[in-house]
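Encoded as structure tokens, the structure appears first; notes follow it.
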Amino acid sequence: MLTLDRQNAYRDRLRLLWPGWQPATEVYEATLRRYVVPGARLLDAGCGRGGVVEQIAGEEIRMVGIDPDRRSLSEHRLPRRRMARAQARLEAIPFAAGSLDLVIASWVLEHLSEPVAAWREMARVLRPGGHLVVLTPNVGHPVTWLNRLLARSKGMQAALVPQLYGRSEEDAFPVRYRANSVAQVKRLATRTGLAPVSIRTIADPTYLAFNDALFRLGCLWEQIMPGASGIHLVADLVRR
């Protein structure tokens, strides 16, 4: 099993092998922090039980989260006085147009069945000049290919994820990967009134590091494949 502690240990080794390398979560946090200013109004779209908002909870910003899963909302790690929450889908965000400065979405785009509708809503609630910052798997990576294959077999993904990565089966939501490539993000931005500031793919061979041999093989794979094959995608988009 590749636990988070074990994966982080391999990431520490990777930082020595690849000076300057950062995991996608750090790139994502650094990107959104550019727009975390006092008084900013932030929406965590698909907030789940927590995430990067826990790292910025001390900032002087107003935060709200939405998620369609009621249980995740009730188990969120931040107190409601720090971040208000509502059960809602991204295709119907319950906020006025132009009412937010920053929308963030981590590990959400891969689950969207109607990405155009969701992106239109995220763009709608942003003020002109507001930013949408997303973190999602890159559909062009072999690990994502495997996940797509497993997702087609009913129950297989939910059964294997806990065994391979130690995550709860209840967190293995269906994946569709309809907004998960650089090209898809660019097209969605164009259709919904957003302009890309930056779109990056991030390599991370530790997702295959079940042992040292696989870790070395993963490092070799990332070095010989084009940069667009990185396992994760971080995008920063601005409302026109």
Report whether or not residue 147 is buried (at least 16 other Cβ atoms within 10 Å of the Cβ), polar (S, T, N, Q) and either part of a strand (DSSP E or B) or modelled with pLDDT of 95 or more (or both).
-> no
With the condition kept exactly as written, say whether any residue in segment 20-36 is over 22 Å from residue 235 (Cα atoms) and either touching a Leu at 6+ places or on another chain (Cβ under 6 Å) or surrounded by fewer than 18 Cβ atoms within 10 Å (Cβ to Cβ) (or both).
-> no
Would you be able to tell me the number of residues in segment 202-237 that are within 16 Å of residue 18 (Cα to Cα), polar (S, T, N, Q) and surrounded by fewer than 21 Cβ atoms within 10 Å (Cβ to Cβ)?
-> 1
Filtered residues of segment 15-45 (kept if aliphatic (A, V, I, L, M), in a helix (DSSP H, G or I) and closer than 11 Å to residue 106 by Cβ) = 24, 32
Please state which of the following conditions residue 120 fails to meet, knowing it meets all the rest: (1) surrounded by 21 or more Cβ atoms within 10 Å (Cβ to Cβ); (2) in contact (Cβ under 8 Å) with a residue 40 or more places away in the chain.
-> (1)
Check whether at least one residue in segment 47-58 is surrounded by 12 or more Cβ atoms within 10 Å (Cβ to Cβ), of a type in the set (S, T, N, Q) and over 25 Å from residue 199 (Cα atoms), and report yes or no.
-> no
With respect to residue 99, is the statement that it is under 24 Å from residue 234 (Cα atoms), in contact with a Phe, Trp or Tyr (Cβ under 7 Å, 6 or more places away or on another chain) and of a type outside the set (A, V, I, L, M) true?
-> no
Go through segment 150-194 and count every residue that is charged (D, E, K, R), at pLDDT below 85 and not in a helix (DSSP H, G or I).
-> 2
Quick one: count up the residues across segment 35-55 that are touching a residue at least 24 places away in the same chain (Cβ under 8 Å) and farther than 21 Å from residue 174 by Cα.
-> 11
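The values are calculated or read from the model by the stated rules, or taken from the named source; none is laboratory data. What you are looking at is a predicted structure, and each value in this text was computed from that prediction instead of being measured. Cβ: placed from backbone, ideal geometry, glycine included. Neighbour counts: every protein chain shown.
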